[in-house]
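This report refers to the structure that appears directly beneath it.
Every read-out reported here was derived from the displayed coordinates using simple, explicitly stated rules and does not represent laboratory data. Fair warning: this is a prediction, and the values are worked out from it, not measured in the lab. Cβ: placed from backbone, ideal geometry, glycine included. Neighbour counts: every protein chain shown.
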Amino acid sequence: MSVTTQPTVPLAPDGEPDLTPAKRRGGRMTISRRTNLVGWGFLLPAAGLVTLMSFWPMFRALILSFQSGRGTRMRWADPLWFNYTRLLEDKVFQQTLANTFIYLAIQVPIMLILALILANLLNDRNLRFRGLFRTAIFLPCAVGLVSYALVFRTMFANDGMVNVFLGKLGFDPVPWLNNPTTAKLVIVMGLLWRWTGYNMIFYLAGLQNIDPNTLEAARIDGAGPIRTFLYVTVPQLKPMILLTAIMSTNGTLQLFDESWNLTAGGPGYASMTMSHYLYQVSFQGSPNFGYASAISYVILILVAILALIQMKVGDRRD
Amino acid sequence: MYNLNRRLLLGLGLSAAAVGLAGCGDDGGGTDEPVASEDIPKSGTITVWCWDPAFNLYSMKEAEKVYQKTSPDVKLNIVETPWDDVQTKLTTIAQSKAFDQLPDIFLCQNNAFQKNVENYPDLFADFGSSGIKYDEFPEGVVGYSKFDDKNWGCPFDNGTAVNALRTDILEQAGFTVEDFTDITWTDFIAKGKEVLGKTGKGLMSGEVGSPDILSIMLQSAGGSFFTEDGKANLKDNEKLIKSLEAYRDIVAAKIFTQVNSWDEYIATFINSKVGGVINGVWILGSVQTAKDQSGKWAVTNIPKLDGVDGATNYSANGGSSWAITPKDNKVLAADFLAKTFAGSKELYETILPKAGALANWIPAADSAVYKEPQEYFGGDAIYSKVVDYAQKVPAMAPGAYYYEARDAVAAAIPKIIAGGDIKAALEEAHKTLEFAMN
């Protein structure tokens with residue numbers, strides 16, 4: 001993405017175009033200053049709202065994560081990092097952490113590769129009903145998270161559609177949601193169905209920015225479609241792949257709806273995600289908001305670390 | 001220096017005032033003498049949160065009519081609020097201290113009562129001066145909302161466990177409902193296997209990982225996930241071990257159909273996939289939605305655990321109680337509940353046939369309505385039967401960490417069903433629960 005938006009005017013340290021000569025010609029207020037102020041004026045309402053609605057609660061959550069106690073009887077934890085050390089001993093949290101990383105490690109790569117392939121196929125100008133296919137693949141994104149999760153739960157029920165179908169093919173019914181492995185598998189399948197089309201749209205948009213000449217040149221040089229895809233298309237899509245990878249990682253680490261509605265975290269804690277556990281700690285069990293805040297900060301730190309790694313690996317401009 | 005001192009003094013003064021105010025607040029609810037009748041407001045609007053239009057909300061509306069006979073200027077403002085929302089709202093209000101957002105009365109799940117009273121005492125007013133006679137309710141039911149020796153709830157929804165069976169299916173296997181009355185789980189499994197062999201149908205169903213049946217078994221012997229003083233009590237809990245053994249054997253005998261969700265669970269007996277259901281008496285509302293099965297159901301008591309001290313054929317699951325909040329209306333709200341749900345036969349006579357709301361209030365059981373034969377259940381007077389069961393339910397030590405305990409045990413169940421060692425699984429669950437509790 002950043003490839004297409006390389007600024008042509010040299011930037012001053014504050015990120016504004018450096019228009020020093022104009023500054024000197026102005027009256028009491030220089031043009032640059034006025035532009036700056038107008039810019040800030042437009043930014044202010046949004047920035048104020050973001051601060052009030054996002055950063056302030058985040059700050060309060062940080063404070064809360066250093067407190068312990070149930071319900072409203074909160075006091076400073078002793079030691080202050082008590083909730084964080086508690087995480088290290090929490091078997092359930094560790095299980096949910098492992099579950100979340102299993103989803104991440106299996107689902108995100110499959111989804112992104114699939115989305116990339118689909119985008120490439122549907123970018124073919126000669127393909128008939130291109131619009132129809134694109135819409136069909138994107139459509140799951142328009143479905144509410146809860147409703148699709150409930151449909152998946154019904155489909156994978158013991159006497160659900162999938163087992164009936166397997167029965168017709170002569171297989172034994174699979175207790176999809178009762179088995180730790182298959183329960184996770186169902187969640188992964190649900191996520192793939194729901195999100196592949198979403199990422200495909202990003203790639204399709206990215207593909208529009210690729211100069212067809214580069215593809216033609218590769219073809220003339222004798223590269224087959226697969227080599228063209230791997231060595232010409234994919235490198236040019238790199239910024240977009242980075243973006244989707246970070247977004248998907250972020251989304252998967254915060255996964256809640258599927259865990260809650262599809263499997264209810266079960267059997268036991270076998271398919272529960274971190275966010276689901278966080279909710280349980282705050283609202284279902286005896287409320288422990290300090291601990292829940294600590295969990296949310298761990299999720300934040302994990303998202304930040306993973307995004308950083310991805311940026312280091314994926315955004316190497318050469 | 002002078003300035004600093006003055007500020008310090010002011011600060012001290014203010015905190016002293018705050019302490020004084022807090023002291024006043026505490027005094028308010030301390031007296032246990034019934035409020036004199038002239039002190040009860042004669043008019044006002046009571047705001048109520050409850051969730052089921054066909055059940056508790058309907059009952060509340062009927063209670064309004066009953067109360068208006070003596071206090072015509074008292075009105076109710078009933079806001080339909082699903083339980084999950086009630087819990088979230090209570091939590092939010094308590095955390096943000098926005099107490100003006102509270103209703104005057106709300107309905108609280110019995111299993112969540114302790115947790116809320118203990119963690120958010122600001123949300124509750126006690127019934128000490130309401131004049132409700134708590135000895136007119138079964139002890140086990142009152143226990144849910146009792147905390148620090150005070151009563152914080154007026155019991156409403158009866159959660160007495162019943163064993164509902166399809167007589168037509170039993171008949172095919174040569175049994176009657178009497179064969180399933182006052183029996184043990186071992187008998188139940190043996191007879192269940194016979195029914196399964198002859199009809200292909202099991203006698204129970206349940207959600208995988210839902211410990212409903214297990215906690216019914218546990219309470220039937222007076223057991224609990226907690227000790228009397230509220231500590232975790234899963235490891236080496238003999239009653240829990242026996243319950244888990246029975247649970248495992250039922251599943252192994254294939255007379256228990258495991259499903260994944262509540263709607264599937266309801267479907268198992270509505271669609272005649274199983275020939276019975278064991279749950280709180282409120283499940284009969286769902287049973288009766290199968291109109292074609294009228295007359296084919298019977299209700300009896302549940303099997304009891306073998307070889308356990310204090311084992312009975314009676315237990316409970318769920319239920320709910322009304323709570324009042326410490327707002328200006330608390331005297332009126334308490335009086336309202338005392339004269340309706342804890343004092344009006346007429347109310348229970350209306351809501352039983354219309355909403356299937358079975359009284360926890362023992363005097364209601366004398367009513368003729370309770371003795372009427374129920375056609376759906378083969379002409380049996382099941383309601384007076386269930387009220388009778390209710391009085392025999394052993395009290396169970398409730399705990400503020402009920403949901404944590406339930407989850408910990410739920411995680412142990414699949415391991416046990418898969419043939420794992422019960423003691424080891426419970427030891428792990430015990431650790432999980434203890435961890436969650438500290």
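Side notes on the structure shown:
- Enclosed volume per residue, in Å³, of the convex hull spanned by Cα atoms of the stretch B:193-302: 119
- Student exercise, the protein assembly as shown dipole from Lys, Arg, Asp, Glu Cβ charges, in Debye to nearest 20: 3640
- Rh (Kirkwood; distinct C-alpha pairs) - the protein assembly as shown, Å: 30.2
- In the frame of its principal axes, chain A has Cα extents of 76, 64, 31 Å, reported largest first.
- Spatial extent of the stretch B:47-108: Rg and Dmax, with the Cα atoms as the point set, Å: 12.9, 39
- Alpha carbon centroid spacing (whole Å) that separates the stretch A:216-248 from the stretch B:349-426: 63
- Given B:198/B:254; B:296/B:371; B:235/B:431, the pairs whose alpha carbons are separated by over 18 Å: B:296/B:371
- Across the options A:139, A:213, A:190, the greatest Cα extent toward the positive end of the charge dipole of the stretch A:90-314 (unit charges at beta carbon of Lys, Arg, Asp, Glu) belongs to A:213.
- Taking a straight Cα-Cα cut-off under 15 Å and skipping sequence neighbours fewer than 8 places away in the same chain, the aspartates and glutamates within cross-link reach of residue B:201 are B:168, B:171.
- For the peptides A:50-60, B:89-99, residues were scored by their other Cβ atoms within 10 Å and the scores averaged per peptide; the highest-first order is B:89-99, A:50-60.
- Unit Cα scatterers, Debye sum, chain B: log10 I(q)/I(0) for q = 0.07, 0.08 Å⁻¹: -0.38, -0.49
- For the stretch B:291-325 versus the stretch B:49-115, the spacing of their alpha-carbon centroids is 26 Å.
- Dipole magnitude (debye, nearest 20) for chain B, charges at Cβ of Lys, Arg, Asp, Glu: 700
- Taking 7 Å steps out from each Cα toward its Cβ at residue A:52 and residue B:418 produces label points 5.2 nm apart.
- Cα-Cα over 24 Å, subset of B:193/B:385; B:97/B:327; B:150/B:339; B:291/B:354; B:75/B:345: B:193/B:385
- Residue A:147-residue A:62 pseudo-label distance in nm [points 7 Å out on the Cα-to-Cβ vector]: 4.0
- Amide H contacts of residue B:374 (H built 1.01 Å from N, in plane; Pro and chain starts excluded): B:379, B:380, B:381, B:382 sit under 5 Å, all sequence-distant by 5 or more or on other chains.
- Scaling the Cα radius of gyration of the stretch B:275-405 by the globular reference 2.2 N^0.38 Å produces a ratio of 1.22.
- Set of aspartates and glutamates with alpha-carbon distance to residue B:89 below 15 Å, sequence-local pairs under 8 removed: B:80, B:100, B:104, B:122
- Under the span-like rule (Cα at least 18 Å along the axis, Kyte-Doolittle mean at least 0.0), DSSP H helices of chain A: A:31-50, A:91-122, A:180-208, A:234-253, A:289-314
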